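Only one structure is covered here, and it is reproduced in the block below.
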Amino acid sequence: MHVSSFFYKHKVSISVIRFILLFFILFGFYGCNSEDIFSDDVVKNKNIKELLSIQILPIKNLSLGVSDLQIVKGSYQAFVAIGFYSDDSSENISDGVFWSSTFSEIAMITEIGIAKGVDVGITSIKAIKDGVMSNDGRLTVTAAALESIQITPAVVSLAKGNSQQYTAMGFYSDETSRELTQELSWRSRDTSIATISEAGLVVGVGVGNSTITAVKDGVMSNDGRLTIAVEDANFYLNVTPKNTFIPFIGGKQQFKAELVYSDGRIEDVTSSVIWKSSSTDVAVIDKTGLATSISLLENATRIQAVLKSNTSIWAETLLHVSKSRPISISINIVDGTQVLNVGEQQKYILIGIFDIAGGRFFDLSYSAKWRSSDTSVIKMIGPVAHAVGSGKATITVRYQDERENILELTVR
């Protein structure tokens, strides 16, 4: 039978036959590869890393589940944010989250997760990223804590039978201070040399050296060095300045030693004494009495002068070396201009005023960090700007956490 007559006999349309054949061809082609198509989509979806949750933790107690923390007013607490992802991984995302405190008047928090107690109360610390909110970190801020006690004078020389009134200042975690003279427990290391009353009045009862200290709430003061001489002693050794301060590495302080006579005469013996520093990792002192800070250890060293002609006669004072914030910072420019030629230089001087003895000036130029926004135009070497290429650049300086944008320099 002829094929065409067969199709005609059974009334089967040629177009229908074509459709059926095309269907089986396509099914065979795509059917064989359907697993690969769907598996590719699955793999693609599995590769998407989705942030599922955020856990914030206080730095000093890095364990999951910690949600309640207490700090004193004026103190700091750092937090870390850990992100947990859909691929079962986790990572530190502290720098990528938005930090917030429910009550910023109780505690505020910086963009890198460091909270500071501002006032007494309770607040919550949170972090958010990509719409995912962290757990609540409950933070309680309590009253300011006594951190240190400073008694003055630091060094005293008395004739036997004479007296000296001591005073004490308390320094608290919220950066406040107040007098505590009447609230302390005063002590003399050797009561056969000197006695001291509850009000801080010391009396020389023997001849020799003793140490005066004060304590409150478990906080011990600095040592007050006390020398009691015989009744007819006609001079004593004095070191100045008293209880001074250097706020940065490499800072210098000149000390002076004097013999003070009973008749009022004063003799400069700075070059006739042996100078010593009790902590040479804090500061060193040369034979001329010039001290240089070595490191910011938030500490103090005793600067002692011993008379060469009589080593039993000595005096000392305290030199503090600590990282303190300046009251204000100003920038001075040596022969300043806003336009430099390639190859020229420009020097800056950074001056800080610190709350010491009514306000003291320190040159912070080489203790600060100087940066250029474009090192192909301006290269900073310390406080000196070097013009290396044409264009514009902004000079930025940072001393501790103080930052100022200086100006825009043009190099032609």
TODO: Please compute P(r) over all alpha-carbon pairs of the range 93-155, binned at 10 Å starting from zero, and give each bin as a whole-number percent.
DONE: 21, 39, 20, 11, 7, 2, 0
TODO: Pop a pseudo-label 7 angstrom from the Cα along the beta-carbon direction at both residue 177 and residue 266 and give the gap in nm to one decimal.
DONE: 2.3
TODO: Note the full-extension length gain between residue 287 and residue 167 as 0.36 nm times their separation in residues minus their Cα-Cα distance, in nm to one decimal.
DONE: 40.0 nm
TODO: Keeping every protein chain in place, order 108, 380 by accessible area at 1.4 Å, biggest value first, i.e. largest first.
DONE: 108, 380
Task: Mean Cα-pair separation over length for the range 195-270, i.e. relative contact order, pairs under 8 Å, 6 or more apart, % - done: 20
TODO: Among the chymotrypsin sites (Phe, Trp or Tyr not before Pro) in the range 140-195, which ones are in a DSSP loop with at most 13 other Cβ atoms within 10 Å of the Cβ? Mind listing them?
DONE: none
TODO: Keeping every protein chain in place, order 174, 95, 268 by accessible area at 1.4 Å, biggest value first, i.e. largest first.
DONE: 95, 268, 174
Task: Cα-based Rg of the range 118-271 normalised by 2.2 N^0.38 Å, two decimals - done: 1.52
Task: 1.4 Å probe accessible area per residue over the range 98-187, in Å² - done: 50
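Of all the accessible heavy-atom surface of the range 95-208, with the other protein chains kept in place and a 1.4 Å probe, what percent is carbon and sulfur? If you can, show how the numbers build up before the last one.
On the way: 2950 of 5730 Å².
Carbon-and-sulfur percentage of accessible area, whole number: 52.
Whenever you get a sec, line up 396, 152 from highest to lowest accessible area (probe 1.4 Å, protein heavy atoms).
152, 396
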Task: Tail beyond 13 Å, pair distance distribution of the range 250-303 (Cα, percent) - done: 60
Open item on the list: Using Stokes-Einstein with the Kirkwood hydrodynamic radius over Cα pairs, what translational diffusion coefficient do you get for the range 71-203 at 10 °C and a viscosity of 1.306 mPa s, in µm²/s rounded to a whole number?
Closed with: 86
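How much of the pair distance distribution for the range 209-281 lies past 13 Å, counting alpha-carbon pairs only, in percent?
Counting pairs separated by more than 13 Å, the tail of P(r) holds 78 percent.
The values are calculated or read from the model by the stated rules, or taken from the named source; none is laboratory data. Just so we're clear, the structure is a prediction, and the values are computed from it rather than from any experiment. Note that we place each Cβ from the backbone using ideal geometry, even for glycine, and neighbour counts take in every protein chain shown. When the accessible area is computed, the model is the full protein with side chains, heavy atoms only, and any ligands, DNA or RNA have been set aside. Shrake-Rupley method; radii C 1.70, N 1.55, O 1.52, S 1.80 Å.
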